[in-house]
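The values are calculated or read from the model by the stated rules, or taken from the named source; none is laboratory data. What you are looking at is a predicted structure, and each value in this text was computed from that prediction instead of being measured. Reconstructed Cβ throughout: ideal geometry from the backbone, glycine too, with neighbour counts over all protein chains shown.
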């Protein structure tokens, strides 16, 4: 029963996240004239994410003594990830290079998709608060980072640790590009300047995809390659010992994948 309740919470949260990205395309008249329209919906989305995370934790903790360690592990890893974001804020790094995605991917891989989703959302919130990077884009980053951790928990677990790291590094490259491609949708529907790379309300989906592909190639690909490369480097360098340490923690406390 508990797993069914948490599954419903995650499903509803995922649908809200998809709707938040999609509504400017479906209902362009409600989107406003520019991306400032998100200033109204961003606080609501942030509260929804926080309430969903709190609801999941409350449900998970009920009846499971070991679940107290879920909260502890989640808090520690979210804090570590938040501190890592200082690297990209205070030191010059190439493109979208960021150290925050590697721990989300690795923890989601070891502890499971539900834990990965919670870590992704909470880590982005914590890192934004400590670096002052809070804005209407924050809940969209939280949703997308949550999806990174969620899908990491769905990866297969080959016996060979080398294969695991290769798989995780490739996964980091894919999400390094995909994170940017998804986050562009936060503001791209509001770019209606009539150019070949802007969105045209009422145009067909084929035309929309073509325009977005051109927009992404011109504005985001190089930046996102930096993020993808950074993910691969961090996971290749630190993935094996991190996975071993997290796995020992999980096994020592009989930590069930969440």
If I filter the range 162-176 for residues that are at pLDDT below 95, buried (at least 20 other Cβ atoms within 10 Å of the Cβ), in contact with a helix residue (DSSP H, G or I) (Cβ under 7 Å, 6 or more places away or on another chain) and more than 30 Å from residue 208 (Cβ to Cβ), do I get at least one hit?
no
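Given 53, 63, which one is outside any helix (DSSP H, G or I) and either modelled with pLDDT of 65 or more or farther than 19 Å from residue 113 by Cβ (or both)?
Details: 53 fails: outside any helix (DSSP H, G or I).
Going through 53, 63 in turn, the sole match is 63.
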Name the residues in the range 186-204 that are crowded, with 18+ Cβ neighbours inside 10 Å, part of a loop (DSSP other than H, G, I, E, B) and modelled with pLDDT of 80 or more, would you?
186
